[in-house]
Amino acid sequence: MTTATNTVRSAQPAVPADLDVQKLRADFPILRRLVHGKPLVYLDNAATTQKPQAVIDALVSYYTNENANIHRGVHTLSEEATESHEEARGVVQRFLNAAEPREIIFVRGATEGINLVAQTWGRTNVGAGDEIVITAMEHHSNIVPWQMLCEQRAAKLRVAPINDAGELLLDEFEKLLGPRTKLVAIGHVSNALGTVNPIGKIIEMAHRRKARVLVDGAQAVPHIAVDVRALDCDFYAFSGHKVYGPTGIGVLYGKAELLEAMPPYQGGGDMISSVTFEKTIYNHLPHKFEAGTPHVSGAIGLGAAIEYLNAVGIAPIAAHEHRVLDYGTERLQSVPGLRLIGTAKDKAGVLSFVLEGIHPHDIGTILDQEGIAIRTGHHCAQPLMQRFGISATARASLALYNTVEEIDALVTGLHKVQEVFA
């Protein structure tokens, strides 16, 4: 196996003056812990990000001071909790630049958001012989729901190919769009490659053919400023825990006119206006899609996470992460026998790689002994692994608190891995 030779941006390990990473690291208490007696080097952010103290404090404050069920109560705690929950919805709306708070549906994560669209908009609008277009780099969460829908509706799933760098072949993608294309479902950023897709251009292509577009933004929102109105996407989904918020909370954005026309996803409390044994009248948006007691603390924690992210600033975060990514790309390419998987010109903070003669799981296990946390496996993207002729990769993924010194620690750890297998 040969070392990758792709061209990278010139490495600039210096941190932008307006982003004090060491100060920011102090906001994340878990980064102070030791693992196997070594300082934690956390490079598994595409799986989940660590939480700043502001988010932890928001969760503690809710359970300490406001804990109550929301929307239906007339007592003080319920009213306060309802206000905090709905304030969080407003934070998300502004974060995505959605037109109205009612276009923000709280779900468990991007996976549930995608499934919601598949089983409501999809079952209503996709019929026999219709087509759904995805790409070869999708996460399982943006493959399996569409396979299920196609089986239910006798529709066809079409897959746009990628090149050896992990970039979407736009010409081939456009050829797949036709009169039967009902939906394009595409990841904004690949979790396994880091590829940033040209979402605006893709949406424009799809809309010219009257197809709707769902964007899986789970890997994008921590790294890229997202404006759903500027993009003109029809749906956008992301997970809170990948953007420094709690687990079990996520967001589905949808254009109001589409959400209004879609049937409810689940039945139960709070998604109804009135119920008799003969007929149920459904609630208005967004509550029509939020059956049962919501994850109140999760929504509040997500709001706190987004406010923290806004305070730091997406632009300086992106600049810092790109510098660390460029530095990491250059340093990893210096490791003999290492091959990067995913060398797109436009990337977010993912470094996926294989080491000649060493299984990724062994890499991850040995690095853990050095206090270094990475992800190993197929990253819920098995078809993508097959595209590259491999079963798994080792993946280091970046967040705002990662440093070039941690990249150096990773490279030192990889040399130790090689020594073990020498």
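The values are calculated or read from the model by the stated rules, or taken from the named source; none is laboratory data. Being a predicted model, the structure only gives us computed values, none of them experimental. Cβ placement follows ideal geometry from the backbone for every residue including glycine, while neighbour counts extend to all protein chains displayed.
Among the residues examined, His85 qualifies as surrounded by fewer than 23 Cβ atoms within 10 Å (Cβ to Cβ) and closer than 13 Å to Gly298 by Cα.
Taken over region 342-381, the residue count meeting the criterion of being in a strand (DSSP E or B), in contact (Cβ under 8 Å) with a residue 40 or more places away in the chain and within 23 Å of His188 (Cβ to Cβ) is 6.
For the criterion of being out of contact with any helix residue (DSSP H, G or I) (no Cβ under 7 Å at 6 or more places or on another chain) and within 20 Å of Ala318 (Cβ to Cβ), Gly200 fails.
Do we find that Ala98 is in contact (Cβ under 8 Å) with a residue 24 or more places away in the chain, buried (at least 21 other Cβ atoms within 10 Å of the Cβ), of a type in the set (A, V, I, L, M, F, W, C) and over 30 Å from Glu151 (Cα atoms) in this structure? Criteria met by Ala98.
When we screen Asp216, Asp227 for residues that are among the acidic types (Asp, Glu), closer than 30 Å to Val324 by Cα and surrounded by fewer than 24 Cβ atoms within 10 Å (Cβ to Cβ), the only hit is Asp227. Look at region 385-410 and say how many of its residues are surrounded by 15 or more Cβ atoms within 10 Å (Cβ to Cβ) and either aromatic (Phe, Trp, Tyr) or within 18 Å of Glu330 (Cβ to Cβ) (or both). Total satisfying the criteria: 15.
Select from region 149-198 the residues that are free of Cβ contacts under 8 Å to residues at least 40 places away in the same chain, over 22 Å from Lys345 (Cβ atoms) and in contact with a Leu (Cβ under 7 Å, 6 or more places away or on another chain) and list them in ascending order. The answer is Cys150, Ala155, Arg158. Residue-level analysis places Leu351 among those that are in contact with a helix residue (DSSP H, G or I) (Cβ under 6 Å, 6 or more places away or on another chain), within 22 Å of Pro161 (Cα to Cα), at pLDDT 95 or above and surrounded by 18 or more Cβ atoms within 10 Å (Cβ to Cβ). Within region 319-335, residues that are of a type outside the set (Gly, Ala, Ser) have Cβ atoms under 6 Å from residues that are assigned to a helix (DSSP H, G or I) and surrounded by 21 or more Cβ atoms within 10 Å (Cβ to Cβ) in these pairs: Tyr327/Ile407; Arg331/Ile407; Val335/Leu414, counting only partners at least 6 apart in sequence or on another chain.
For residues that are crowded, with 22+ Cβ neighbours inside 10 Å and more than 16 Å from the chain's Cα centre (by Cα), scanning just region 108-127, find the one that is farthest from Gly178 (Cα to Cα). Among them, the one singled out is Leu116. The residues listed here are Asp270, Asp234; of these, the one that is assigned by TED's automatic domain parsing to the domain that holds Arg94 and either at pLDDT 95 or above or crowded, with 21+ Cβ neighbours inside 10 Å (or both) is Asp234. As a summary of the residue check, Leu77 satisfies the conditions (1) in contact with a strand residue (DSSP E or B) (Cβ under 7 Å, 6 or more places away or on another chain); (2) of a type in the set (A, V, I, L, M, F, W, C); (3) farther than 14 Å from Ala237 by Cβ except for the one numbered (1). Number of residues in region 27-53 that are part of a loop (DSSP other than H, G, I, E, B), among the hydrophobic types (A, V, I, L, M, F, W, C) and surrounded by fewer than 14 Cβ atoms within 10 Å (Cβ to Cβ) equals 0. Of the strands (runs of 3 or more DSSP E) lying entirely inside region 128-212, those containing at least 1 residues that are crowded, with 21+ Cβ neighbours inside 10 Å, modelled with pLDDT of 95 or more and within 20 Å of the chain's Cα centre (by Cα) span 131-135, 181-187. Selection of region 54-81 for residues being buried (at least 17 other Cβ atoms within 10 Å of the Cβ), in contact (Cβ under 8 Å) with a residue 40 or more places away in the chain and not hydrophobic (A, V, I, L, M, F, W, C) yields Tyr62, His71.
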